[in-house]
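Shown below is the structure under consideration.
The values are calculated or read from the model by the stated rules, or taken from the named source; none is laboratory data. Note that the structure is a prediction, hence the values are computed from the model and not measured. Here the Cβ is made from the backbone with ideal geometry for all residues, glycine too, and neighbour counts use every protein chain on show. Keep in mind that these areas ignore ligands, DNA and RNA; they rest on the heavy atoms of the full protein, side chains included. Shrake-Rupley method; radii C 1.70, N 1.55, O 1.52, S 1.80 Å.
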Amino acid sequence: MRVTQVIYPKDLGFILLLSDVGPGSRVIEGGVGTGFMTAVLAKYVGGEGRVYAYELNKDYIEIAHRNLKVVGLDSRVTFRNKDIREEVEDSNIDSAILDIPDPWNALNSLIKALRPSATVLSFLPTINQVEKLVVHAQATKAFTDVKAYEILLREFEVKKDAVRPKSRMVGHTGYVVFMRFLKA
Ligand SMILES: C[S@@+](CC[C@H](N)C(=O)[O-])C[C@H]1O[C@@H](n2cnc3c(N)ncnc32)[C@H](O)[C@@H]1O
């Protein structure tokens, strides 16, 4: 069941690669929504890793939990019905993935949870949010390698002697901001 906008695979794949999440990783997710990203993270952390998934809306947690159960990955996720901007109760975190409207307000709580060199990735629909997050991150002096990206993906129509991009494409989903945690 889908109750919120989800991150498209083209962005999700890029986020996952930059995050360096893999078997055994301890990951924080900010903004669970439908739980699509949660499921992908749960798959990649494997049986030894853990996803700590923060979500404001209790109903969304129930739906995401059900979705995770359907794909058999619920045992790898700890859902926290909390505002990630207020408090993060987990520690020694390898990566944080955020899909919330104001991620700059979550940086201070995350700083206490991240291990040195941890990655932070944020998915943002508008360029105004990108600017705000990057400016805030740089001001903290706790992050390095702060970068912003947009992924454009073209699908091709392939017929014999007539190969070309499809006329229609997804014009816009959002931007991805990457940063690496240095120290508090
Ligand atoms: C777009 S949805 C996330 C979708 C998810 N990334 C996916 O792929 O299925 C954003 C979610 O963030 C939650 N949210 C917004 N601000 C939050 C905060 N400060 N702490 C925790 N969750 C938050 C909203 O309730 C909403 O469910």
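May I ask for the net charge around Val170, where only other residues with Cβ less than 13 Å from the Cβ of Val170 are counted and Lys, Arg are +1 while Asp, Glu are -1?
Around Val170, the charge tally is +1.
If you take every residue apart from Val32 with its C-beta less than 10 Å away from the C-beta of Val32, what net charge results, scoring Lys and Arg +1 and Asp and Glu -1?
Spelling it out: positives minus negatives among the neighbours equals -2.
Count charges around Phe181 for me, please; just the other residues with Cβ under 15 Å from its Cβ, Lys/Arg as +1, Asp/Glu as -1.
Net charge around Phe181: +3.
Under a 1.4 Å probe, what is the accessible area of the range 9-181 per residue, stated in Å²?
Each residue of the range 9-181 exposes 52 Å² on average to a 1.4 Å probe.
Scan the range 145-184 for GluC sites (Glu not before Pro) in coil per DSSP, keeping those whose Cβ has at most 12 other Cβ atoms within 10 Å, and list them by number.
Passing both the DSSP loop test and the Cβ count: Glu155.
Restricting to DSSP H runs of at least four residues, report the calculated mean residue ellipticity at 222 nm for the chain, -39500 (n - 2.57) per run over all residues, nearest 500 deg cm²/dmol.
-8500 deg cm²/dmol
Just how many pairs of Lys in the chain have C-alpha atoms closer than 19 Å, counting pairs that are eight or more places apart or on different chains?
The result is 13.
Among Tyr54, Thr140, Val77, which residue has its Cα furthest toward the positive end of the charge dipole of the chain, with +1 on Lys/Arg Cβ and -1 on Asp/Glu Cβ?
Positive-most Cα among the choices belongs to Val77.
Once amide H atoms are built 1.01 Å from N in the peptide plane, which residues 5 or more positions from Ala53, or in another chain, come under 5 Å H to H?
The answer is Glu29, Thr78, Phe79, Arg80.
For the chain, give the magnitude of the charge dipole about the Cα centre (Cβ charges: +1 Lys/Arg, -1 Asp/Glu; no others), in debye to the nearest 20.
In debye, rounded to 20, the chain gives about 440.
Could you tell me how far the Cα centroid of the range 23-97 sits from the Cα centroid of the range 98-172, in Å?
Here the two parts' Cα centres lie 19 Å apart.
Scan around Ala118 for amide H atoms under 5 Å from its own, H built in the peptide plane at 1.01 Å from N, and keep only partners 5 or more places away or cross-chain.
Those qualifying (amide H under 5 Å, at least 5 residues apart or on another chain) are Phe181.
Would you mind telling me the share, in percent, of accessible area of the range 9-181 contributed by carbon and sulfur at probe 1.4 angstrom?
Looking at the range 9-181 in its full context, I get 51 percent from C and S.
Quick one: compute the contact order of the chain, relative version, from alpha carbon pairs under 8 angstrom and 6+ residues apart, as a percent.
That works out to 20 percent.
Still on this structure: Residue farthest toward the positive end of the dipole of the chain, with Cβ of Lys/Arg at +1 and Asp/Glu at -1: which of Ser109, Gly30, Leu152?
Farthest towards the positive pole: Leu152.
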